[in-house]
Amino acid sequence: MIRLAFAELRTDVRVWIGPLLVASVASAFVYLAAVYWWTLGTTSGAELIESFGSTVDEARAGSYVVYVSTAIPAIAVLGSTSAATIAAFSTRIARWRLAGATPRQVRAGITVQVLVVNTIGTAAGIAIATPLRQPAVDLLVRMVTRGDYTIPVDSTPTAALVALAGSTLVCYLASFMPARRAARIPAVHAVRDTTERTKTMPVSRWIIAGLLIFALIQQLIVTVLATQTLGGDSGVESAAATLALTLGIMMIATIGALSPIVVPALIRVWTAIVPSRVAPAWFIARHAAIEHPRQASTAVMPISIGIALYGILFGIIATWQNALLAAGFGGELNTIDTYVMLTPAALIAVTGSVASILLTTRSRTRQYALIRTAGATPQTIVGIALAEAISYSITAIGLGFAVAYASVLTAAALLTAMGLPAIPLIDLRQMLILAGIGVAALLVVLFVPAFTAIRGNPRDTVSAL
């Protein structure tokens with residue numbers, strides 16, 4: 001079965017590009033966290049940390065922060081991309097069953113494939129992160145010392161081995177459920193046409209969404225009551241920030257659970273401003289996004305979540321800082337911790353969006369080739385890809401901004417209830433940087449199938465796919 005797993009990997013490498021990208025990004029951050037950990041154990045690192053009255057163990061908390069903020073989103077994103085990858089070649093898995101493979105052998109074969117892809121991705125991630133070791137260590141040291149100090153990085157291979165072990169653990173946890181579901185694919189699936197399910201969300205997802213809606217309502221009640229009970233005692237500012245942050249995260253989780261319903265509905269509403277007779281390419285792109293709700297939601301939500309997280313945390317900090325200055329309190333709130341916590345999650349989220357779209361490259365290329373066969377010009381094909389990227393990007397940015405502003409507005413209301421002159425402030429710079437990265441990635445991955453379809457004879461492209 002292991003030989004078959006390796007043979008299948010060589011047969012269609014493109015299917016595994018998505019999990020490979022996610023594994024590379026996640027392992028890069030795990031490697032940097034490991035380098036920081038071992039660097040603090042050197043003589044120069046220990047002397048610097050102890051000179052500030054701290055210990056190496058306390059300073060190593062930065063490694064935990066980076067690893068946790070990498071592992072949690074990586075498990076979620078890598079799990080979803082692995083599940084989508086496995087679903088993409090479910091017919092091939094069914095053929096394994098027809099050939100006599102047991103569910104246990106199928107699960108083992110899928111796990112081997114995922115771990116091999118993770119090993120290659122880890123090597124790529126370490127290679128990418130190697131030039132960034134010194135800047136990353138300096139940033140984490142600054143988070144501890146609040147000053148610009150440099151510790152020469154530890155160049156032993158131990159950090160790379162730790163990164164491989166950590167990313168392998170994350171990968172295994174992420175692939176456990178997809179591999180288990182793959183083992184349950186019946187053999188009859190091999191002779192059945194693969195069509196997208198008509199139902200948008202399974203029952204289990206509706207149940208999770210219902211529980212999250214209930215929890216969100218409870219959080220709203222707690223937040224409203226807090227505006228009436230918070231006083232001017234010292235220390236309640238952090239309680240106000242925590243309540244606003246929790247409300248924002250609850251909104252993100254609820255919208256994420258309902259994304260196959262929410263995202264197509266938003267696209268349907270705002271894209272209707274362009275009449276179909278004016279821009280045929282826009283109409284085709286809009287129709288494709290609406291008719292494939294899961295495809296649209298997996299492209300939009302990771303970018304939207306990253307934008308919302310950046311907007312919430314940096315917005316709350318900016319609002320809190322401005323309120324303190326307006327009230328006559330000095331000092332500056334620390335934002336390095338926020339960068340350290342958010343950057344891995346945000347980049348992994350954007351990578352997950354790119355990975356989900358890469359899985360549909362073959363079907364998109366075939367769709368574009370069919371449209372060309374029907375008489376569309378190459379300019380129309382490129383216009384469809386551009387219109388789809390625009391619809392996804394504006395939806396992701398708008399949704400992320402709305403959630404962030406609601407959370408920051410809540411923080412301003414809570415701080416005002418405490419007696420601080422707070423006004424809601426959104427740090428658009430941070431949000432736009434992440435949005436720009438996401439939009440650029442969407443344009444690249446959507447233009448690839450478009451340019452592939454317009455090269456050569458469209459009939460040959462359709463027959464080849």
Any residue in region 397-414 that is modelled with pLDDT under 80 and under 16 Å from residue 248 (Cβ atoms)?
no
Since residue 216 meets every condition but one in (1) over 26 Å from residue 349 (Cα atoms); (2) modelled with pLDDT of 90 or more, which condition does it not meet?
(1)
If you check residue 402 against the conditions, is it surrounded by fewer than 23 Cβ atoms within 10 Å (Cβ to Cβ), free of Cβ contacts under 8 Å to residues at least 24 places away in the same chain and more than 23 Å from residue 279 (Cβ to Cβ)?
yes
Is one or more of the residues making up region 350-361 in contact (Cβ under 8 Å) with a residue 60 or more places away in the chain, surrounded by 20 or more Cβ atoms within 10 Å (Cβ to Cβ) and closer than 27 Å to residue 147 by Cα?
no
Tell me, please, whether a residue that is modelled with pLDDT under 80, surrounded by fewer than 23 Cβ atoms within 10 Å (Cβ to Cβ) and in a helix (DSSP H, G or I) can be found in region 363-386.
yes
Answer yes or no as to whether residue 246 is of a type in the set (Val, Ile, Thr), assigned by TED's automatic domain parsing to the domain that holds residue 384, surrounded by fewer than 19 Cβ atoms within 10 Å (Cβ to Cβ) and touching a residue at least 24 places away in the same chain (Cβ under 8 Å).
yes
Could you tell me which residue of region 31-69 is nearest to residue 180 (Cα to Cα), considering only residues that are of a type in the set (Ser, Thr, Tyr) and modelled with pLDDT of 75 or more?
31
Picking from 434, 409, 425, 420, the residue that is in contact (Cβ under 8 Å) with a residue 60 or more places away in the chain and either assigned to a helix (DSSP H, G or I) or closer than 28 Å to residue 291 by Cα (or both) would be 434
With the condition kept exactly as written, say whether any residue in region 120-127 is assigned to a helix (DSSP H, G or I), farther than 30 Å from residue 181 by Cα and at pLDDT 80 or above.
yes
Determine which member of the set 28, 94, 101, 108 is at pLDDT 75 or above and either not assigned by TED's automatic domain parsing to the domain that holds residue 178 or not in a helix (DSSP H, G or I) (or both).
101
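The values are calculated or read from the model by the stated rules, or taken from the named source; none is laboratory data. Just so you know, these numbers come straight off a predicted model, no measurement behind them. Don't worry about glycine lacking a Cβ; one is built from the backbone with ideal geometry, like all the others, and counts go over all protein chains shown.
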